[in-house]
Every structure is written in C-alpha cells, then in structure tokens.
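Here the structure comes first, spelled out in structure tokens, and everything after it is commentary.
The values are calculated or read from the model by the stated rules, or taken from the named source; none is laboratory data. Given the structure is predicted, the values throughout are model-derived calculations rather than measurements. No Cβ is skipped: glycine too gets one built from the backbone with ideal geometry, and neighbour counts run over all protein chains shown.
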Number of protein chains: 2
Amino acid sequence: MTDRVDLTEPQACGQLSALAHEGRLRIFRALVAAGPAGMPAGRLAEQLDISPSNLSAHLAVLTGAGLTQVRKAGRQRIYAADLVATAELVSFLVADCCGGDPELCRSVTANLGAAAIKACN
Amino acid sequence: MTDRVDLTEPQACGQLSALAHEGRLRIFRALVAAGPAGMPAGRLAEQLDISPSNLSAHLAVLTGAGLTQVRKAGRQRIYAADLVATAELVSFLVADCCGGDPELCRSVTANLGAAAIKACN
DNA sequence: ATTTCATTTCAATACTTCTTGAAATATTGA
DNA sequence: TCAATATTTCAAGAAGTATTGAAATGAAAT
C-alpha cells in the first residue's frame, strides 16, 4: 500500500476523463455496487453487454486513472472500484470551497454528507 | 427554483465530461472557491489566463451540464458553481455502493464525510 | 502436449472535441 | 448617437478518443 498524496490537477482530470464516458461510467458504478469483492471482466462484459476488447480498453483507462484495481484469480482478472481514490477526487473537486468561509461552506459539507448517506441505502 | 430529480446517466456523464478538461476543471474550482458570490467571466479569463472566447465556450459547457449558473449584472455575466448539483453528481457516482451492505459501505460514508470536512479548511 | 477459456493487444477507421481569431451582440457612459 | 466594454457566436483546421475484429497472451483442464 503506497502512501497517498493529494491529487494533482492532471491526475484529477484523468480520473474525470475516465468517468466521462457512458460505458466506463456504467462499468465504474457496477464495480462500486459490487463492493470490495469486485467482479471479473467477463461478468462485466456480459452484464453490461460490452465486447471483451472494448471492455478491456475501458478497464485499462479506469485502472490507469487509479479509480479501479485489478487482481488475478486463475485465468480471470477481477476488478474493483477504489473508493478511497473516489473520495479523494471528490475532495479535490470542492477544495477551498467558499474561500474557506466556514459559514458559507456549511451547506457543502451538509450536501456531501447527505450524498454519502443516500449512496448507502 | 425547479424541483431537482435524480440524475440520469447521460446527464451525469455530461457533467463529468464538462469537468474532464484541465481548463474547465480550473474554472470550476475557481468558482467553487469563489463561493455563492461567484465571479464575472472577465475576471476568470484574467485570473486563469484563458482567452475570452475560449472561456466563454468552456463556461457554456459547464453551465449546459448544470454545474454552474449565470446571472447578469450590467454588462458582465457572473458565474457561480452549483454545489447542490455537485453533491448530486457525487451521490450518483457512489449510488448502491457495496450492494447496499451497511457494514461494507461504512468506509465510503466515512471517506466522503472526511472529503467534505477537508474541503472546507 | 493440446485444447479451451478469459482477457488483452494491435492497427485502422470513424468520430468528437479544442482552439483560434474575426465578427456579432448587448449594455453602459459620453 | 457614438464609442467603449464585456461577452458570445461562428467557422474551420488541429488534435485527441472510440470502436472493431483479428491475432496474441497466459492460465487451466484434458
């Protein structure tokens, strides 16, 4: 486990680009739903009706951006969403919000908190 | 104020595409930092060293995606980040995480909460 | 060893999106 | 009305990204 450091702008942009594609967005969300156990590439291809070669390219983009991780199990490769990286991306997006004014900023905290709660229902 | 509804996949994808560009990402974050008061286009162009026509195109993309809002003040147009929309996008990204298992899901909630706090320092 | 299975790699075409500068619009001030 | 300011619109070349199918890799089963 390598030490995590704040995202750079190009890194954050790469992650957003990776998600900015309907196919990859579906892939990522399917992996988020699958949780830490992840899913093998083949099952993703089947479930989302994406050709294996196309899926492979998309998974390479997501993984290269640091949003997903792979592990091998026999002849399959199991992909999982990196939720810590995801939270860091969110943090990057709203960094320094409201110029740091805690009063104005409160609503952002509240909204993000609500988003987190809502996500887990 | 129109009622908000959950994002559709193409809408979320449009918002991510809007952010998936270094120039627009800088613009968006500058607006997040500016808070609800927002900033006139001209000042953004100056501060970020982007040509007016290019900036205008980028702001149109962000606004079209629903991530920023405009209002007119004299001959300037003042843009502001839509932080509620931003929180909804985050919520969409991690929806149904861990298949809804509250135990696994706890870490996501914790990470997002931490991201929100960190953003406001 | 050979076959089968899961996945990736490659190369080419097709498709989108960026950027630029000039011209247009709209608002204010003289 | 005329000039100045703030911003947007437009068109076109330049650059980047997606998709496809065939071939290659690597691991397991026979």
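Considering only the stretch B:48-59, state which residues are under 18 Å from the mean Cα position of the chain (by Cα) and more than 8 Å from DNA strand D (Cβ to nearest atom).
B:48, B:58 - these are the residues of the stretch B:48-59 that are under 18 Å from the mean Cα position of the chain (by Cα) and more than 8 Å from DNA strand D (Cβ to nearest atom).
What are the pairs with Cβ atoms under 9 angstrom where one residue, in the stretch A:60-80, is modelled with pLDDT of 95 or more and near DNA strand D (Cβ under 10 Å from one of its atoms) and the other, located anywhere, is among the basic types (Lys, Arg) and outside any loop (DSSP other than H, G, I, E, B)? Sequence gap at least six, or different chains.
What qualifies is A:61/A:24; A:76/A:43; A:77/A:71.
Considering every residue within the stretch A:79-95, establish whether at least one is more than 20 Å from residue B:114 (Cβ to Cβ) and either of a type in the set (D, E, K, R) or away from chain B (no Cβ under 14 Å) (or both).
Yes, because at least one residue in the stretch A:79-95 is more than 20 Å from residue B:114 (Cβ to Cβ) and either of a type in the set (D, E, K, R) or away from chain B (no Cβ under 14 Å) (or both).
Tally time: how many residues in the stretch B:70-88 are exposed (fewer than 13 other Cβ atoms within 10 Å of the Cβ) and touching a Cys at 6+ places or on another chain (Cβ under 8 Å)?
So the answer is 0.
Residues in the stretch B:13-43 that are away from DNA strand C (no atom under 14 Å from the Cβ) and either part of a helix (DSSP H, G or I) or exposed (fewer than 15 other Cβ atoms within 10 Å of the Cβ) (or both): how many?
10
Hey, can you tell me all the residues within the stretch B:1-12 that are surrounded by 13 or more Cβ atoms within 10 Å (Cβ to Cβ) and of a type outside the set (A, V, I, L, M, F, W, C)?
Selection gives B:11 alone.
Within the group A:35, A:113, which residue is away from DNA strand D (no atom under 13 Å from the Cβ), in contact with a Cys (Cβ under 6 Å, 6 or more places away or on another chain), farther than 24 Å from residue B:26 by Cβ and of a type outside the set (D, E, K, R)?
Of the residues listed, the single one that is away from DNA strand D (no atom under 13 Å from the Cβ), in contact with a Cys (Cβ under 6 Å, 6 or more places away or on another chain), farther than 24 Å from residue B:26 by Cβ and of a type outside the set (D, E, K, R) is A:35.
For the stretch A:49-119, list the helices (runs of 4 or more DSSP H) that sit wholly inside it and hold at least 2 residues that are near DNA strand C (Cβ under 9 Å from one of its atoms); which are they?
So the answer is A:52-65.
Would you mind finding the one in A:45, A:20 that is hydrophobic (A, V, I, L, M, F, W, C), within 13 Å of DNA strand D (Cβ to nearest atom) and touching a Gly at 6+ places or on another chain (Cβ under 9 Å)?
Answer to the check: A:20.
Only residues that are over 18 Å from residue A:38 (Cβ atoms) and among the hydroxyl-bearing types (Ser, Thr, Tyr): list them for the stretch A:66-113, please.
A:91, A:107, A:109
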